[in-house]
1. By average Cβ neighbour count within 10 Å, what is the ranking of 17-26, 44-53, 31-40 from highest down?
2. Once you place label points 7 Å from the Cα toward the Cβ at VAL16 and ARG64, how far apart are they in nm?
Amino acid sequence: MKPIKDAHLSGPGLVVVDIAAADDETALAFQAALAARWATATADQTTRDPGEPGVRLRCYLDLRQELSAVISPSTQPDRP
């Protein structure tokens with residue numbers, strides 16, 4: 001995997017998640033589970049290291065922005 005840059009962890013609540021999984025579907029499903037809860041910069045594809053089992057994926061999370069805190073249609077003020 002590429003090195004983690006200072007900008008990725010420039011403040012509290014920012015997280016770099018490296019995922020190692022047996023297959024693409026598992027890695028992408030785990031990333032989707034993270035993205036359903038927190039603001040996440042997702043990856044489109046996994047990588048394989050020659051001679052190593054499984055796949056790898058890196059995504060970036062902002063734990064300060066929990067998606068449940070985003071205004072949903074049911075909590076928006078009534079419109080005229």
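Since every read-out is calculated from the coordinates, none of them should be taken as a lab result. Predicted, not measured: the structure shown is a model, and the values here were computed from it. We place every Cβ from the backbone using ideal geometry, glycine too, and count neighbours over all the protein chains shown.
1. Working: 17-26: 13.5, 44-53: 9.5, 31-40: 15.1.
Descending mean neighbour count gives 31-40, 17-26, 44-53.
2. Once both label points are built, they end up 1.9 nm from each other.
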